[in-house]
1. Filter segment 575-584 for residues that are surrounded by 17 or more Cβ atoms within 10 Å (Cβ to Cβ) and not β-branched (Val, Ile, Thr) and give the result.
2. Among the residues of segment 273-331, which ones are at positive phi and not aliphatic (A, V, I, L, M)?
3. Restricting segment 227-259 to residues that are β-branched (Val, Ile, Thr) and open to solvent by 20 Å² or more (accessible area, probe 1.4 Å), which is farthest from Pro182 (Cα to Cα)?
4. Only one of Gly332, Gly265, Gly272, Gly344 is touching a Pro at 6+ places or on another chain (Cβ under 7 Å) and either surrounded by fewer than 17 Cβ atoms within 10 Å (Cβ to Cβ) or modelled with pLDDT under 95 (or both). Can you tell me which?
5. Write out, first by first residue and then by second, each pair whose Cβ atoms fall under 9 Å of each other, whose residues are 6+ apart or on separate chains, and whose first residue, in segment 577-589, is more than 14 Å from Gly534 (Cα to Cα) while the second is surrounded by fewer than 17 Cβ atoms within 10 Å (Cβ to Cβ) and of a type in the set (Lys, Arg).
6. Could you say whether any residue in segment 356-374 is among the β-branched types (Val, Ile, Thr) and farther than 28 Å from Glu464 by Cα?
7. Taking segment 65-76 as the search range and keeping residues that are assigned to a loop (DSSP other than H, G, I, E, B) and in contact with a His (Cβ under 9 Å, 6 or more places away or on another chain), which one is surrounded by the fewest Cβ atoms within 10 Å (Cβ to Cβ)?
8. Hey, does segment 63-85 have a residue that's of a type in the set (Lys, Arg), over 25 Å from the mean Cα position of the chain (by Cα) and at pLDDT 95 or above?
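The values are calculated or read from the model by the stated rules, or taken from the named source; none is laboratory data. These numbers come from a predicted model, not from an experiment. All Cβ positions, even for glycine, are placed from backbone atoms using ideal geometry, and neighbour counts span all protein chains on display. Surface areas here come from the heavy atoms of the whole protein model, side chains and all, with no ligands, DNA or RNA. Shrake-Rupley method; radii C 1.70, N 1.55, O 1.52, S 1.80 Å.
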Amino acid sequence: MSENLLKNINNPTDLRKLETTQLPQLAGELRDFIIDVVSVKEGHLGASLGVVELTIALHYVFNTPDDLLVWDVGHQAYGHKILTGRKHKFHTNRQLGGISGFPKRSESVYDAFGVGHSSTSISAALGMAIASQLKGENKHHIAVIGDASIASGMAFEGLNHAGVTDANLLVILNDNAIGIDPSVGALKNYLTSVKEGKNPKQNNMIKSLNFDYSGPIDGHNLDALISELERLKKVKGPKFLHIISTKGKGLQLAEEDQVKYHAPGKFDKTTGQIHHKSEENLPPKFQDVFGKTLVELATENSKIIGITPAMPSGSSLKFMMDAFPERAFDVGIAEQHAVTLAAGMATQGMVVFCNIYSTFLQRAYDQMIHDVALQKLPVIFCLDRAGLVGEDGATHHGIFDLAFLRCVPNIIIYAPKDEIDLRNILYTSSLGLNHPIAIRYPRGRGKYSNYESQISNSEFEIIEIGKAHLLKKGTKIAVLSTGFIGNNVTLALDTISNANEIAHYDFGFVKPLDETILHDIFQSFEKVITIEDGVIKGGFGSAVIEFASQQNYTIPIKRLGINDVFIEHGTVAELQKINRIDAESILKELVFE
C-alpha cells in the first residue's frame, strides 16, 4: 500500500521535496480530501476538482509565496488552501469563525490577493508585476483565470495593458468551457476552435496582444504542466498558457453534470449522489418566483425581455430562456454590458428585466447611473441575493444596494416582504413605469408553503408605487421594516406580552418613501425603530432620519441593520444574530423598550 503523501505536506516547501513521479498519487489524495470534506460540509466542488494538477504544478514549480499567485474568483482554490497550511482546518471552510471559501489576504501569506468577484486576477497580478519591477525584485506573478471570467471586459483591459509592458506576468487560462453555467459568446467559440485545432497560430488573438502564447495543453497531465511552467519561468515579459481541464474531474457525476456540481450541497463521497433535501411543503425560492412569473408575463407581453450576466440557473432566468429563447439573454460575466444593453432595449420600447445579484450590480454602478437613471429609462433591475447571503461571505453579501441606490435620482427601490409581493411588483413593473426600478429580494425561500395554491386562482395585483402599509396596530412604538427581514419583526411580536404597544409598518418602497404615513407615525408614536438587512449607514433607516430632520420631528429613532464592518461568512441565521436583526434580538430590543 502506497504511503499517504498528503498527510506530510503542510506547505509548498514540503511539496517540493517530492519526486515528480509521486505527484500523480498526491493529486489523487488531494482530490479525495476535497471530496471527503465538501461532501459533508458543502461548498464549491467542481472548480477545485478541475485544477488539482494545476495547483500542485504551480506550487511545485514556483517559489510561492515569494512568487505571487492570484486565483480569479476563487471557487477553484480549495486545493491551494489545503497545500498552503490550511489542511487541518479545511473542514471549517465557509463556516462561522472558519476559513473563507475564497482566497483572502488576511488569512494566509499564500493568498496574494483577495477575490470573490470575477475577472480581477490579470489586473491585480499585472499591478504586482509592475510594482516588483519598480522595486528591482525578481519575482514571478501568475494569474489563473477561467474561460468564463476572461470574457469579461475587465480581463480584456488587463490583457490590453499587459501587452505593452515587459512585466514578468504569466496568465494561465483554465479552459473548461464553463463558469457556473456553460460559457457563452464569441470568445467561447474562438477558444473552442483553438482547442480543436481549427484556428491557425498566426491568427491567435492572444499572440496579437504581444503575449508569448503556448498551448492548449492537457491540464491534468502533470508532466506536461511542469515542463511548460519550467520553460515559461525563463521567458521574459507577458506570457499566456492555455490549459484544457475538466470541471469536476475525478468524480464521475460531477464531470457529467458540471452545473449541478458547481456547489452541490451534501453528497455521497463514493458515488457522488447528491443528498437532496425534501422540498415537499416548502415555500418557493424567491429566484423561482421571479423566473416563473417572468414566463407568465412574457407569455402575454411580447415586449418583455430577460437579461442576466452569467447566472441563468442561479437567477432562474433559465425558465424564460427555455420558454422564449429569442427574448432571454445570458451575456456572460459582463454586468456593465448587461445594464447598458438593457438600457438600449428600453429606448426602443422593450420591457427589460435585468436580473443581477445584488453584490454584482456593484460592478455596473456607473452604467446604472449614467445609462439608465440619468435617462429615466424604465429598466427593471431584479436584485437577487439581496441582504445577507450566508457562507459565501463578505464578497457576496448584498448589503450595500439600498445605500448606493438610494442616492441616485430617478430610481424606484422596492423590497417585497414575501413571494406574493415579489410576484405582484414584477407584474406592476411590466405594465410600464416612467422610471427604472430596483426590486431586491433575498436568497432562499419565501414564507408560503401553499404558494402555488394561493396564486392558482388569484389575479395579479397592482402595487401602488410609494405606498407603505400598516401590518399591526400599536400605541407607543412604531417599528418600520423593509423587505423580507420584516418577517422577523412579525415573529418577535407574536411572542411579546406588550405587543399592543408596538405597531409594525412595512415600507416596501425605500424610494420614494411614503411621506404621508411617515407624518402620521411621527405625530402618533413615542419612538421609531427601523429594521433592514442592509448597511445601517445610508440605508432605509437613514432615509427615515433624513425625513424626520427635514420635518423637525424630534422623537427618538433607532436603526437596526448591518453594522459598519464587512460581514464574514456563516449561516444567514448566525449572521442575523450577530447583527441583531434576528427575531430573538428584535424581541429583546422591543421588550427592553
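1. Leu575, Gln576, Asn579, Asp582, Ala583
2. At the first step, the residues of segment 273-331 found to be at positive phi are 281, 310, 316.
Correct list: Asn281, Ser316.
3. First, pick out the residues of segment 227-259 that are β-branched (Val, Ile, Thr): 235, 243-244, 246, 259.
From what's left, open to solvent by 20 Å² or more (accessible area, probe 1.4 Å): 235, 244, 246, 259.
On the way: Val235: 33, Ile244: 15, Thr246: 12, Val259: 8 Å.
Here the answer is Val235.
4. Working: Gly265 fails: touching a Pro at 6+ places or on another chain (Cβ under 7 Å); Gly272 fails: touching a Pro at 6+ places or on another chain (Cβ under 7 Å); Gly344 fails: touching a Pro at 6+ places or on another chain (Cβ under 7 Å).
Step by step, each of Gly332, Gly265, Gly272, Gly344 is checked, and only Gly332 is touching a Pro at 6+ places or on another chain (Cβ under 7 Å) and either surrounded by fewer than 17 Cβ atoms within 10 Å (Cβ to Cβ) or modelled with pLDDT under 95 (or both).
5. That search, which allows pairs on different chains as well, returns Glu584/Lys577; Ser585/Lys577; Ile586/Arg580; Lys588/Arg580; Glu589/Lys558; Glu589/Arg580.
6. First, the residues of segment 356-374 that are among the β-branched types (Val, Ile, Thr): 356, 359, 369, 372.
Still in the running and farther than 28 Å from Glu464 by Cα: none.
Scanning segment 356-374, I find no residue that is among the β-branched types (Val, Ile, Thr) and farther than 28 Å from Glu464 by Cα, so the answer is no.
7. Our first condition is that a residue be assigned to a loop (DSSP other than H, G, I, E, B); within segment 65-76, this holds for 65-67, 72-76.
After this cut, where a residue has to be in contact with a His (Cβ under 9 Å, 6 or more places away or on another chain) as well, the list is 66-67, 73-76.
On the way: Asp66: 11, Asp67: 21, Val73: 26, Gly74: 29, His75: 28, Gln76: 26.
My answer is Asp66.
8. Step one: list which residues in segment 63-85 are of a type in the set (Lys, Arg), which gives 81.
If we keep only those that are over 25 Å from the mean Cα position of the chain (by Cα) as well, we get none.
Scanning segment 63-85 turns up no residue that is of a type in the set (Lys, Arg), over 25 Å from the mean Cα position of the chain (by Cα) and at pLDDT 95 or above.
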